[in-house]
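> Before I ask anything, let me first share the structure, which is written out below as C-alpha cells.
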Amino acid sequence: MRCGVPELPEVETVRRGLAPVMEGARIVKVEVRRGDLRWPLAKDFAKRIAGATVDGLGRRAKYLIADLSSGDVLMMHLGMSGSFHIIQDAKNARPGDFHHARGKIGAHDHIVFHMSNGATVTFNDPRRFGSMKLVPRSKLDKEPLLNALGPEPLGNEFDAAMLAKACAGKKTSLKAALLDQRVVAGLGNIYVCEALYRAHLSPKRQASTIADRKGAPNQRAVALVDSIKVVLHDAIKAGGSSLRDHRQADGTLGYFQHSFRVYDREGEPCPNCKGTIKRIVQSGRSTFYCPSCQK
C-alpha cells in the first residue's frame, strides 16, 4: 500500500483521540528530545507551553490547533509519518501497557507533553516532516500557513455554489482543482479519487465544467460536494486510512482503506459497472478511476 501525507480524516481522527486527554488539562512539562522537525522549534518552545492549559483542540485543514490559556496557539502538522501516542496514566503505567509496532519504540519520539491528568502525549515522527509552531492567538488570522486556505469541506458553508464559484473559469483538471488547498482545505489524493468516483466524474474533466457561464453550480457540482462529504464522514467513522504510517492516537489502525473503491485498485473490476480501474499520473500523483463510468 502506498504511503502518503495524512489527509483530513486521519487528522480529524487523531484530534478526536487526543481531545479527551488534552482538552481542559494543563501541560505540566514538555520534553523536547529533538527540535529539528520540518522546521526548527522555537528556542523557547517548551518554556512558553509549560503551565498552560489546553482550552480547546481543533483542526483547520490538515493542522491540529491547540488553543492555550497562555494566549498562544499551538499548530501541529503530522507531515508524512508523524503520529501521537498516549499513555493515559504515565505514573501508574506498567511495562507493556502501551505498544506500537512501527520501528524501535522511542527511537523517533521527539516531543513529549506531560499532562496534569497523568497522561503523556508523545509525538513520534521517523521522517521529521511534521511540524509544531507557536503563534499568538491575536496573530492567527495573519498566519501564512492558514490564511490562504479554502473552506472546510465538512463545514456548513461548503456547498455546490461555493465549489462552483471557485472552479469557474479554471482550465485545470477537476482533480487538480480539488487538490488545491485554496479551493477546498484538507483534501488529498486518496479522498479526491474516491469522491470523484462516487460522483461519476472523470478526474481529467476540466474544473470549470461543474459551473455554468455565470459561475452557478450544475448537477455535477451538487453530486461532487455530496460525494466529498460522504467520503470524508465515512473515512472518519472508520478511523481514517492506514497506509504505511498512519495510526490513531491509541496506536490502533484505521480501516477505511478496505472501503476504497478505486484508490490503489488498478486493474480491478469497477464496483459500479463492467469497467476496469485505471491508473494515470496527474501532476506527478497517481490517479485511480474508472474510464467507463466516470465521465
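> Determine how many Å³ per residue the convex hull of the Cα atoms of the range 163-210 encloses.
Given the Cα convex hull of the range 163-210, per-residue volume reads 62 Å³.
> Taking the Cα centroid of the range 210-232 and of the range 122-144, what is the distance between the two, rounded to the nearest whole Å?
32 Å
> Between 0 and 90 degrees, rounded to the nearest ten: what's the tilt of helix 8-22 against the longest Cα principal axis of the chain?
20 degrees
> If you take the square roots of the eigenvalues of the alpha-carbon gyration tensor of the range 6-51 and sort them as a ≥ b ≥ c, do you get rounded (a/c under 1.5), prolate (a/b over b/c) or oblate?
Verdict is oblate for the range 6-51.
> Helix 219-237: angle to the longest alpha-carbon principal axis of the chain, degrees 0 to 90, nearest 10?
Helix 219-237 sits roughly 30 degrees off the main axis of the chain.
> If you project the alpha carbons of the chain onto their three principal axes, what span does each projection cover, largest first, in Å?
If we take the Cα atoms of the chain, the spans are 58, 42, 28 Å.
> Compute the acute angle (0 to 90°) between the alpha-carbon long axis of helix 189-198 and the principal axis of greatest extent of the alpha-carbon atoms of the chain; round to the nearest 10°.
Here the helix axis deviates by roughly 40 degrees.
> Using the beta-carbon distance between Asp89 and Ser138 and R0 = 25 Å, what value does 1/(1 + (r/R0)^6) give for FRET efficiency, to the nearest 0.05?
It comes out at approximately 0.10.
> Also, quick follow-up: Considering every pair of different Cα atoms, what Kirkwood radius, in Å, is found for the range 160-289?
Evaluated on the range 160-289, it is 15.2 Å.
> If you don't mind, there's one more thing I want to ask. In bins 5 Å wide, starting from 0, what share of all Cα pairs of the range 8-142 does each bin hold, as a percent?
Values per bin, smallest distances first: 2, 10, 20, 25, 24, 14, 4, 1, 0, 0.
> In nanometres, what is the gap between the two model label sites at Cys293 and Arg128, each 7 Å from Cα along Cα-to-Cβ?
4.7 nm
> Which FRET efficiency, nearest 0.05, do Arg182 and Arg279 yield, Cβ-Cβ r, R0 22 Å?
0.25
> A further question on this structure: If you plug each phi of the range 274-279 into the Karplus form 6.51 cos²θ - 1.76 cosθ + 1.60 with θ = phi - 60°, what whole-Hz ³J(HN,Hα) values come out, in order, with x for Gly and Pro?
Computed from phi, the couplings for the range 274-279 are 8, x, 10, 5, 10, 10 Hz.
FYI, it's all coordinate maths here, none of it is from the lab. Just so we're clear, the structure is a prediction, and the values are computed from it rather than from any experiment. In this analysis, Cβ positions are derived from the backbone assuming ideal geometry, glycine residues included, and neighbour counts consider all displayed protein chains.
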